[in-house]
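The values are calculated or read from the model by the stated rules, or taken from the named source; none is laboratory data. This is a predicted model, so every value here is computed, not measured. So basically every Cβ, Gly included, is an ideal-geometry build from the backbone, and we count neighbours across all protein chains shown.
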Amino acid sequence: MMTKPKIGWIGLGHMGVPMAANLIAAGYPLLAYNRTPERLALLDCPSAASPAALAAEVDVVVTMLSDDAAQEAVLFGPGGVAEGLRAGQAVVNMGTISPGASRSTAERLEKRGVEVLDAPVSGSVKPATEGALVILVGGKAEAFDRCRPIFDVLGKRAFHFGGAGQGARAKLAVNMVLGLTLQALAEAVVLGEKSGLPRDMLLEMLGEAAVASPIVKLKLPAIAAGNFSAAFPLKHMAKDFRLAVAEAAEVGAVLPVTATAKESYGRAEAHGFGDLDIMAILQALRG
Ligand code: NAP
């Protein structure tokens with residue numbers, strides 16, 4: 001049996017904790033780092049004092065961070081991963097960051113003999129916990145092959161979309177469908193409520209009709225219970241729509257509804273709904 005590579009895991013948010021826990025359960029030696037050290041207690045593994053110290057001790061660094069700024073700080077800031085890396089290691093970025101930042105990370109690190117993948121994920125805390133994520137990968141084929149056993153633990157499918165940044169682009173595509181679906185669901189509920197439809201019956205109908213996709217079915221009980229505690233924080237959806245609209249401008253795609261949804265999620269974030277679940281878009285629309 002081949003020895004499992006030692007993994008350095010950075011980012012213990014909603015997603016990072018269950019994903020790293022699955023690798024530990026699968027027998028991977030894992031060293032963790034998180035900016036807020038209290039969250040390290042959520043994992044049963046040793047931790048490093050800085051991203052640089054972590055990188056110096058592992059074979060593969062995996063990041064699960066919020067956005068471009070977090071990724072840049074953790075990889076290239078003072079005490080960052082880049083300070084501890086050596087040729088032959090791999091860096092896998094699993095957070096949703098921009099295609100441009102993904103390409104720039106690959107360019108800077110590959111020059112040093114480090115393999116780099118962008119590998120954002122589709123699926124929230126439940127599939128992360130169940131090891132059933134869908135993983136969208138950009139980067140060189142050899143790096144993808146090397147990291148495939150790790151993806152097999154974290155997800156049910158890994159798609160290799162092409163070179164650096166292509167995984168990040170695929171992630172924007174899937175999240176547009178997610179964000180637009182939940183915007184539509186929220187608007188349907190608001191219209192139903194304002195028109196005097198019995199709400200429970202409306203929700204039950206939406207769970208039975210042709211529109212009852214898995215994500216709609218997942219969110220209906222939360223709507224019924226008025227429970228908007230975060231699985232996928234709304235602020236990340238607002239960020240993803242900003243990235244999608246910027247990417248559309250770069251590649252010349254005309255996406256009118258996506259542009260409107262970007263404004264809608266952005267307004268909800270500005271009004272304080274950012275740390276609640278994405279489904280709190282409904283609360284924002286209720287006013
Ligand atoms: P989260 O709970 O907000 O966690 C974000 C992580 O990034 C935390 O570990 C946080 O550290 C760290 N971080 C943020 N800014 C930082 C900085 N400047 N320097 C160092 N660390 C920083 O996010 P999440 O829900 O786990 O999502 C992570 C990524 O996956 C996001 O890009 C999101 O869009 C994407 N995603 C999320 C879901 C979901 O359902 N939640 C699903 C698919 C994809 P602290 O603990 O110190 O704040």
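Looking only at residues in the stretch 200-214 that are in contact with a helix residue (DSSP H, G or I) (Cβ under 6 Å, 6 or more places away or on another chain) and in a helix (DSSP H, G or I), the one that is farthest from V92 (Cα to Cα) is L202. Among the residues of the stretch 249-264, at least one is touching a residue at least 24 places away in the same chain (Cβ under 8 Å), farther than 23 Å from S66 by Cβ and out of contact with any Ser or Thr (no Cβ under 9 Å at 6 or more places or on another chain). Selection over the stretch 154-171 of residues that are buried (at least 18 other Cβ atoms within 10 Å of the Cβ) and outside any strand (DSSP E or B) gives a count of 9.
Taking the stretch 201-253 as the range and being among the β-branched types (V, I, T) and either within 21 Å of the chain's Cα centre (by Cα) or within 11 Å of the ligand (Cβ to nearest atom) (or both) as the test, the residues that pass are I215, V216, V245.
When G77 is tested against the conditions (1) near the ligand (Cβ under 9 Å from one of its atoms); (2) buried (at least 24 other Cβ atoms within 10 Å of the Cβ), the lone failure is (2). Pairing each residue of the stretch 24-49 that is assigned by TED's automatic domain parsing to the domain that holds L154 with any residue that is hydroxyl-bearing (S, T, Y) and outside any helix (DSSP H, G or I), provided the two are 6+ apart or on different chains, yields C-beta distances under 6 Å for A32/S47; L40/S47; A48/Y33. The set of residues in the stretch 39-74 being assigned to a helix (DSSP H, G or I), near the ligand (Cβ under 9 Å from one of its atoms) and surrounded by fewer than 22 Cβ atoms within 10 Å (Cβ to Cβ) consists of R39, A69, A70, E72, A73.
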